[in-house]
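A.B. asks: Below is the structure I would like to discuss, written out as C-alpha coordinates.
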Amino acid sequence: MGIKRLSNAEELRLVEQYRNGVPVTKLLRQYGFRSKKSVIDKVKKYYPNEYKDIIKSARDNRKQYHLDFSEIDTPFKAYFIGLMLTDGYVVKNRYGIQLTDEDCIQFIAECSGGFYTTIPSRTVDNYIYQPMYRIVFSGEKQVKQLSRYGITERKSHSLHGLRTLTCKEQKFLPYLLRGIIDGDGCIHYTSQKTVSFNICSMSFDFVNWIKEILEEKFFMEDLHVIQNPSTKIWLVESSLQTNIFKLMALVYDRPYGMRRKYILLREMFRDYNKSNQQEFIWNVG
(Lines give C-alpha, C1' and ligand atoms only; values in the text may rest on other atoms or scores of the structure.)
Protein backbone atom coordinates (compact mmCIF):
# COMPACT_ATOMS: atom_id res chain seq x y z
CA MET A 1 0.00 0.00 0.00
CA GLY A 2 1.40 3.39 -0.99
CA ILE A 3 1.47 6.55 1.05
CA LYS A 4 -1.98 8.05 1.45
CA ARG A 5 -2.57 11.17 -0.64
CA LEU A 6 -4.00 14.11 1.25
CA SER A 7 -5.79 17.20 0.03
CA ASN A 8 -4.14 20.58 0.63
CA ALA A 9 -6.61 21.24 3.42
CA GLU A 10 -5.75 17.94 5.12
CA GLU A 11 -2.02 18.60 4.78
CA LEU A 12 -2.37 22.05 6.34
CA ARG A 13 -4.43 20.60 9.18
CA LEU A 14 -1.76 17.96 9.75
CA VAL A 15 0.96 20.63 9.88
CA GLU A 16 -1.05 22.69 12.34
CA GLN A 17 -1.67 19.67 14.57
CA TYR A 18 2.04 18.85 14.51
CA ARG A 19 2.89 22.44 15.33
CA ASN A 20 0.54 22.41 18.33
CA GLY A 21 2.25 19.37 19.82
CA VAL A 22 0.01 16.47 18.79
CA PRO A 23 2.17 13.30 19.17
CA VAL A 24 3.64 12.16 15.86
CA THR A 25 2.53 8.60 16.53
CA LYS A 26 -1.06 9.82 16.65
CA LEU A 27 -0.61 11.75 13.39
CA LEU A 28 0.83 8.67 11.68
CA ARG A 29 -2.24 6.66 12.62
CA GLN A 30 -4.67 9.46 11.77
CA TYR A 31 -3.27 10.18 8.31
CA GLY A 32 -2.04 6.72 7.34
CA PHE A 33 1.66 7.58 7.18
CA ARG A 34 4.45 5.14 8.00
CA SER A 35 7.23 7.35 9.29
CA LYS A 36 7.98 10.65 10.99
CA LYS A 37 9.71 11.78 7.78
CA SER A 38 6.37 11.85 5.96
CA VAL A 39 5.05 14.33 8.52
CA ILE A 40 8.21 16.47 8.44
CA ASP A 41 8.07 16.57 4.64
CA LYS A 42 4.64 18.22 4.86
CA VAL A 43 6.02 20.82 7.27
CA LYS A 44 8.88 21.55 4.87
CA LYS A 45 6.46 21.78 1.95
CA TYR A 46 4.44 24.61 3.48
CA TYR A 47 7.16 26.26 5.56
CA PRO A 48 10.44 25.72 3.66
CA ASN A 49 12.20 28.56 5.46
CA GLU A 50 10.70 28.08 8.91
CA TYR A 51 10.47 24.33 9.33
CA LYS A 52 13.42 24.07 11.76
CA ASP A 53 11.80 26.54 14.15
CA ILE A 54 8.45 24.77 13.77
CA ILE A 55 10.03 21.40 14.61
CA LYS A 56 11.61 22.87 17.75
CA SER A 57 8.34 24.54 18.75
CA ALA A 58 6.41 21.31 18.21
CA ARG A 59 8.91 19.39 20.34
CA ASP A 60 8.54 21.92 23.16
CA ASN A 61 4.75 21.78 22.92
CA ARG A 62 4.79 17.98 23.13
CA LYS A 63 7.01 18.11 26.21
CA GLN A 64 4.77 20.63 27.92
CA TYR A 65 1.72 18.49 27.28
CA HIS A 66 3.04 15.01 27.96
CA LEU A 67 6.16 15.16 30.09
CA ASP A 68 5.59 17.07 33.28
CA PHE A 69 7.28 15.29 36.17
CA SER A 70 6.58 17.90 38.84
CA GLU A 71 4.46 15.24 40.54
CA ILE A 72 3.53 11.61 40.05
CA ASP A 73 -0.14 11.74 39.16
CA THR A 74 -0.58 9.02 36.51
CA PRO A 75 0.37 5.33 36.22
CA PHE A 76 2.61 6.12 33.24
CA LYS A 77 4.61 8.78 35.07
CA ALA A 78 5.12 6.40 38.00
CA TYR A 79 6.22 3.57 35.71
CA PHE A 80 8.51 5.83 33.67
CA ILE A 81 10.16 7.26 36.79
CA GLY A 82 10.65 3.72 38.11
CA LEU A 83 12.47 2.79 34.92
CA MET A 84 14.50 6.01 35.01
CA LEU A 85 15.56 5.29 38.60
CA THR A 86 17.08 1.97 37.55
CA ASP A 87 17.85 1.91 33.82
CA GLY A 88 17.58 5.58 32.89
CA TYR A 89 20.32 8.12 32.30
CA VAL A 90 20.68 11.89 32.23
CA VAL A 91 23.24 13.85 30.20
CA LYS A 92 22.95 17.63 30.50
CA ASN A 93 19.41 18.43 29.30
CA ARG A 94 18.77 15.01 27.80
CA TYR A 95 17.37 11.92 29.47
CA GLY A 96 16.47 8.49 28.21
CA ILE A 97 16.22 4.73 28.62
CA GLN A 98 17.90 1.90 26.70
CA LEU A 99 16.67 -1.71 26.97
CA THR A 100 16.69 -5.01 25.11
CA ASP A 101 12.89 -5.22 25.49
CA GLU A 102 11.45 -3.43 22.46
CA ASP A 103 7.86 -3.72 23.68
CA CYS A 104 8.71 -1.67 26.78
CA ILE A 105 10.45 1.10 24.82
CA GLN A 106 7.62 1.09 22.27
CA PHE A 107 5.13 1.44 25.13
CA ILE A 108 7.00 4.51 26.41
CA ALA A 109 7.08 5.99 22.91
CA GLU A 110 3.35 5.54 22.43
CA CYS A 111 2.49 7.03 25.82
CA SER A 112 4.83 10.00 25.48
CA GLY A 113 4.54 10.74 21.76
CA GLY A 114 8.27 10.12 21.39
CA PHE A 115 10.30 7.99 18.99
CA TYR A 116 12.81 5.27 19.66
CA THR A 117 15.79 3.96 17.74
CA THR A 118 17.22 0.47 17.32
CA ILE A 119 20.85 -0.41 17.98
CA PRO A 120 21.46 -3.55 15.87
CA SER A 121 22.91 -6.78 17.21
CA ARG A 122 26.69 -6.98 16.94
CA THR A 123 29.49 -9.43 17.68
CA VAL A 124 32.58 -8.39 19.63
CA ASP A 125 35.30 -10.94 20.46
CA ASN A 126 32.93 -13.80 19.63
CA TYR A 127 30.29 -12.41 22.01
CA ILE A 128 26.94 -11.62 20.42
CA TYR A 129 25.26 -8.51 21.82
CA GLN A 130 21.47 -8.39 21.61
CA PRO A 131 19.75 -5.55 19.75
CA MET A 132 19.04 -2.57 22.01
CA TYR A 133 16.19 -0.08 21.86
CA ARG A 134 16.68 3.51 22.98
CA ILE A 135 14.35 6.43 23.56
CA VAL A 136 15.75 9.87 24.36
CA PHE A 137 14.02 13.09 25.40
CA SER A 138 15.33 16.59 25.90
CA GLY A 139 14.17 19.42 28.13
CA GLU A 140 15.80 21.48 30.85
CA LYS A 141 12.52 21.73 32.76
CA GLN A 142 11.96 17.97 32.78
CA VAL A 143 15.56 17.22 33.83
CA LYS A 144 15.16 19.58 36.78
CA GLN A 145 11.86 17.93 37.74
CA LEU A 146 13.41 14.45 37.57
CA SER A 147 16.16 15.51 39.98
CA ARG A 148 13.52 15.63 42.72
CA TYR A 149 13.43 11.82 42.56
CA GLY A 150 17.21 11.49 42.55
CA ILE A 151 17.38 10.99 38.79
CA THR A 152 20.52 12.92 37.89
CA GLU A 153 23.78 12.43 36.01
CA ARG A 154 25.93 9.65 37.49
CA LYS A 155 23.13 8.69 39.91
CA SER A 156 24.24 5.09 40.56
CA HIS A 157 25.83 5.71 43.97
CA SER A 158 23.92 8.85 44.97
CA LEU A 159 20.40 7.47 44.40
CA HIS A 160 18.22 7.86 47.48
CA GLY A 161 14.87 6.60 48.67
CA LEU A 162 11.77 8.54 47.62
CA ARG A 163 10.66 9.29 51.16
CA THR A 164 9.06 12.65 50.31
CA LEU A 165 6.31 11.27 48.08
CA THR A 166 2.93 12.78 48.90
CA CYS A 167 -0.08 10.68 49.85
CA LYS A 168 -1.49 11.31 46.38
CA GLU A 169 1.73 10.12 44.76
CA GLN A 170 1.92 7.01 46.94
CA LYS A 171 -1.26 5.73 45.29
CA PHE A 172 0.90 5.04 42.23
CA LEU A 173 3.56 3.05 44.10
CA PRO A 174 2.58 -0.24 42.37
CA TYR A 175 3.47 1.29 38.99
CA LEU A 176 6.62 2.91 40.37
CA LEU A 177 7.75 -0.41 41.82
CA ARG A 178 6.91 -2.19 38.58
CA GLY A 179 9.10 0.22 36.64
CA ILE A 180 11.92 -0.37 39.14
CA ILE A 181 11.64 -4.17 38.81
CA ASP A 182 11.31 -4.05 35.01
CA GLY A 183 14.49 -1.98 35.04
CA ASP A 184 16.77 -3.64 37.60
CA GLY A 185 14.77 -6.50 39.05
CA CYS A 186 15.27 -10.22 38.57
CA ILE A 187 12.76 -13.06 38.84
CA HIS A 188 14.29 -16.53 39.07
CA TYR A 189 14.26 -19.97 40.66
CA THR A 190 16.33 -20.59 43.77
CA SER A 191 18.47 -23.69 44.30
CA GLN A 192 15.47 -25.13 46.18
CA LYS A 193 13.35 -24.56 43.05
CA THR A 194 11.20 -21.90 44.67
CA VAL A 195 10.41 -18.60 42.92
CA SER A 196 12.44 -15.63 44.08
CA PHE A 197 12.84 -11.98 43.14
CA ASN A 198 15.41 -9.31 43.82
CA ILE A 199 16.03 -5.65 43.04
CA CYS A 200 19.57 -4.33 42.81
CA SER A 201 21.32 -0.97 42.98
CA MET A 202 24.72 0.51 43.81
CA SER A 203 22.96 2.64 46.43
CA PHE A 204 22.29 1.11 49.86
CA ASP A 205 19.82 3.87 50.76
CA PHE A 206 17.75 3.22 47.64
CA VAL A 207 17.62 -0.54 48.23
CA ASN A 208 16.78 -0.03 51.90
CA TRP A 209 13.93 2.32 50.92
CA ILE A 210 12.55 -0.34 48.57
CA LYS A 211 12.61 -2.80 51.48
CA GLU A 212 10.71 -0.28 53.62
CA ILE A 213 8.09 0.21 50.89
CA LEU A 214 7.64 -3.52 50.34
CA GLU A 215 7.12 -4.04 54.07
CA GLU A 216 4.96 -1.00 54.85
CA LYS A 217 2.89 -0.61 51.67
CA PHE A 218 2.86 -4.10 50.16
CA PHE A 219 2.74 -6.05 53.44
CA MET A 220 5.75 -8.25 52.65
CA GLU A 221 7.97 -9.88 55.25
CA ASP A 222 11.19 -11.87 55.45
CA LEU A 223 13.00 -9.49 53.06
CA HIS A 224 16.78 -9.43 53.05
CA VAL A 225 19.24 -6.70 52.06
CA ILE A 226 22.66 -8.03 51.09
CA GLN A 227 25.71 -6.80 49.21
CA ASN A 228 27.54 -8.80 46.56
CA PRO A 229 31.14 -8.81 47.83
CA SER A 230 32.70 -8.81 44.37
CA THR A 231 30.49 -6.28 42.55
CA LYS A 232 29.55 -4.19 45.63
CA ILE A 233 25.97 -4.15 44.34
CA TRP A 234 23.21 -4.06 46.96
CA LEU A 235 20.14 -6.27 46.64
CA VAL A 236 16.83 -6.63 48.39
CA GLU A 237 15.49 -10.12 47.86
CA SER A 238 12.90 -12.64 48.95
CA SER A 239 11.86 -16.17 48.08
CA LEU A 240 8.92 -16.27 50.48
CA GLN A 241 6.02 -17.49 48.35
CA THR A 242 3.45 -15.24 50.01
CA ASN A 243 5.62 -12.30 48.93
CA ILE A 244 5.61 -13.57 45.35
CA PHE A 245 1.84 -13.85 45.53
CA LYS A 246 1.57 -10.24 46.77
CA LEU A 247 3.92 -9.08 44.03
CA MET A 248 1.59 -10.58 41.43
CA ALA A 249 -1.62 -9.40 43.06
CA LEU A 250 -0.52 -5.82 43.80
CA VAL A 251 2.14 -4.98 41.20
CA TYR A 252 1.98 -7.44 38.29
CA ASP A 253 -1.78 -7.89 38.24
CA ARG A 254 -2.19 -7.05 34.54
CA PRO A 255 -0.14 -6.44 31.38
CA TYR A 256 1.54 -3.03 31.45
CA GLY A 257 4.80 -1.88 29.89
CA MET A 258 7.28 -4.77 29.67
CA ARG A 259 5.50 -8.08 29.10
CA ARG A 260 8.50 -10.41 29.59
CA LYS A 261 8.73 -10.19 33.39
CA TYR A 262 4.94 -10.12 33.76
CA ILE A 263 4.65 -13.43 31.88
CA LEU A 264 7.75 -14.95 33.51
CA LEU A 265 6.60 -14.23 37.05
CA ARG A 266 3.16 -15.71 36.56
CA GLU A 267 4.40 -18.79 34.69
CA MET A 268 7.09 -19.57 37.28
CA PHE A 269 4.72 -19.13 40.20
CA ARG A 270 2.05 -21.26 38.53
CA ASP A 271 4.50 -24.05 37.66
CA TYR A 272 6.02 -24.04 41.14
CA ASN A 273 2.64 -24.37 42.84
CA LYS A 274 1.53 -27.10 40.45
CA SER A 275 4.60 -29.16 41.24
CA ASN A 276 4.10 -28.63 44.97
CA GLN A 277 0.34 -29.23 44.82
CA GLN A 278 -0.40 -25.82 46.32
CA GLU A 279 -3.47 -23.88 45.37
CA PHE A 280 -3.23 -20.10 45.12
CA ILE A 281 -5.82 -17.91 43.45
CA TRP A 282 -4.86 -14.48 42.15
CA ASN A 283 -6.27 -11.75 39.97
CA VAL A 284 -5.31 -12.55 36.38
CA GLY A 285 -6.13 -9.01 35.14
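A.B. asks: Just for helices (runs of 4 or more DSSP H) wholly inside the stretch 5-69: which have at least 2 residues that are modelled with pLDDT under 85 and among the small types (Gly, Ala, Ser)?
C.D. replies: Details: elements: 8-19, 24-31, 36-46, 51-66.
Once the helices (runs of 4 or more DSSP H) in the stretch 5-69 are filtered for at least 2 residues that are modelled with pLDDT under 85 and among the small types (Gly, Ala, Ser), what remains is 51-66.
A.B. asks: What number of residues in the stretch 196-244 are aliphatic (A, V, I, L, M) and part of a loop (DSSP other than H, G, I, E, B)? Please lay out each step first, then the result.
C.D. replies: Initial filter on the stretch 196-244 (aliphatic (A, V, I, L, M)): 199, 202, 207, 210, 213-214, 220, 223, 225-226, 233, 235-236, 240, 244.
Right, trim to part of a loop (DSSP other than H, G, I, E, B) and you get 202, 220, 223, 233, 240.
Total satisfying the criteria: 5.
A.B. asks: Let me ask another. Looking at the stretch 119-129 only, could you name the residues that are at pLDDT 90 or above and surrounded by 11 or more Cβ atoms within 10 Å (Cβ to Cβ)?
C.D. replies: Hit for the stretch 119-129 is Ile119, nothing else.
A.B. asks: Still on this structure, please answer the following. Only one residue in Leu165, Leu159 is part of a loop (DSSP other than H, G, I, E, B) and touching a Phe, Trp or Tyr at 6+ places or on another chain (Cβ under 7 Å), so which one is that? Outline the logic, then answer.
C.D. replies: Details: Leu165 fails: touching a Phe, Trp or Tyr at 6+ places or on another chain (Cβ under 7 Å).
Going through Leu165, Leu159 in turn, the sole match is Leu159.
A.B. asks: Can you find even one residue in the stretch 83-94 that is surrounded by 17 or more Cβ atoms within 10 Å (Cβ to Cβ), closer than 27 Å to Pro174 by Cα, touching a strand residue (DSSP E or B) at 6+ places or on another chain (Cβ under 8 Å) and among the acidic types (Asp, Glu)?
C.D. replies: Yes, there is a match, as at least one residue in the stretch 83-94 is surrounded by 17 or more Cβ atoms within 10 Å (Cβ to Cβ), closer than 27 Å to Pro174 by Cα, touching a strand residue (DSSP E or B) at 6+ places or on another chain (Cβ under 8 Å) and among the acidic types (Asp, Glu).
A.B. asks: Sticking with this structure for a sec: Does Asp73 qualify as being surrounded by fewer than 17 Cβ atoms within 10 Å (Cβ to Cβ) and assigned to a loop (DSSP other than H, G, I, E, B)? Walk me through it before giving the result.
C.D. replies: Values: surrounded by fewer than 17 Cβ atoms within 10 Å (Cβ to Cβ): yes; assigned to a loop (DSSP other than H, G, I, E, B): yes.
Yes, satisfied.
A.B. asks: Right, Tyr133: under 30 Å from Gln17 (Cβ atoms) and aromatic (Phe, Trp, Tyr) or not? Write out each step before concluding.
C.D. replies: Details: under 30 Å from Gln17 (Cβ atoms): yes; aromatic (Phe, Trp, Tyr): yes.
Against the criterion (under 30 Å from Gln17 (Cβ atoms) and aromatic (Phe, Trp, Tyr)), Tyr133 qualifies.
A.B. asks: Residue by residue through the stretch 149-175, note down the ones that are among the basic types (Lys, Arg) and at pLDDT 95 or above.
C.D. replies: Initial filter on the stretch 149-175 (among the basic types (Lys, Arg)): 154-155, 163, 168, 171.
Those that are among the basic types (Lys, Arg) and at pLDDT 95 or above: Lys168, Lys171.
The values are calculated or read from the model by the stated rules, or taken from the named source; none is laboratory data. Bear in mind the structure is a predicted one, so any value in this text is a computation, not a measurement. As a convention, Cβ positions derive from the backbone with ideal geometry for all residues, glycine included, and neighbour counts pool all protein chains shown.
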